[in-house]
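**Student:** Pasting in a structure now, in structure tokens, and then I'll have a few things to ask.
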Amino acid sequence: MSPEAPLPGGPRPLPHQAQARGCLRAMAALGVAALLAVPFGEVGRGLAIVVAIQAFFLGLMAFGITLLGRSWARQLRRMERGEYLLHWRYSPAEWAPYRQHMQQETRRIHWILTPALAVSGVIFAILLHSDGNPIAGSLLLNYLIPLVAGAALGWLLAAGIAWFNTVSLRLMDREPPEAVLGPEGFYITGQYWPWRSVGQHLTHAALGDGDPPTLDFHFHVSTGRGSTTRVVAIPVPAGGRVQAEQWVARFRDGLSSRD
């Protein structure tokens, strides 16, 4: 790969610092809630343990986000110095569909997680009831409590994930719209996607059929229940179709950008 001229403009921001700070604030709030629950008998102490565990995992999340974010920031800094392969800039009209898609994804999270965890709560109550260990004496409360608790948990999880996306959306609104492809990943305003990271890696790229077209990167994502594919589609600007087709050919066999 021959180096290009340094990218114009200052350092590109990434959302990881704000996201890590948000996790730490939530961890501190949960820690205070756990301490306040301790004096309220056995139930309070049980609740405090559950909340403290959640706070611990938020701390681990903040630590992981910080480590990954620093690694990605180093990769992005190298791209800014000239180690990039492709640089696209977008007009407001070309950028608007991508920005709108990201906002719709953020809103859609609540419609998925909230009812899913509410149903999970009811299934949990049914299993306990069938084993002779109901949650409450009343049959109505036995199912109502898990339903409400599950829906509340789903809403909170969705709110957290949506907040993560909102940090990226704010950067998209503040920074010039652009996409930069490098040897280790690509940057699109407000986000950075490494070709290979913990639990995911690029499998191939394809040219989308939309109007305007998109350059679609397909990532294999490992989950606790198997694996799935995530497609990240970046818009192709006017005059960029030939370059996009060249990159589809280059990425056809996966991480061929490493050579």
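The values are calculated or read from the model by the stated rules, or taken from the named source; none is laboratory data. These numbers come from a predicted model, not from an experiment. Using ideal geometry, Cβ is built from the backbone for each residue, glycine included, and neighbour counts are taken over all protein chains shown.
**Student:** For GLY199, which of the numbered conditions (1) farther than 18 Å from GLN100 by Cα; (2) touching a Pro at 6+ places or on another chain (Cβ under 9 Å) fails to hold?
**Tutor:** (2)
**Student:** Continuing with the same structure: Report yes if some residue within the range 223-236 is assigned to a loop (DSSP other than H, G, I, E, B) and either outside the structural domain of GLU105 (by TED's automatic domain parsing) or modelled with pLDDT of 90 or more (or both); otherwise report no.
**Tutor:** yes
**Student:** Please go through the range 4-18 and give me each residue that is of a type in the set (A, V, I, L, M) and assigned to a loop (DSSP other than H, G, I, E, B), ordered by number. Lay out the reasoning, then the answer.
**Tutor:** Step one: list which residues in the range 4-18 are of a type in the set (A, V, I, L, M), which gives 5, 7, 14, 18.
Hits for the range 4-18 are ALA5, LEU7, LEU14.
**Student:** In addition: Among (1) hydrophobic (A, V, I, L, M, F, W, C); (2) within 16 Å of SER168 (Cα to Cα); (3) without any contact (Cβ under 8 Å) to a residue 24 or more places away in the chain; (4) outside the structural domain of THR189 (by TED's automatic domain parsing), where does LEU35 come up short?
**Tutor:** Failing condition for LEU35: (2).
Listed here are the residues, each with its yes/no results for (1) crowded, with 19+ Cβ neighbours inside 10 Å; (2) among the basic types (Lys, Arg); (3) closer than 30 Å to ALA238 by Cα.
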| residue | (1), (2), (3) |
| --- | --- |
| ALA37 | yes, no, no |
| PHE56 | no, no, no |
| ARG81 | no, yes, yes |
| GLN103 | no, no, yes |
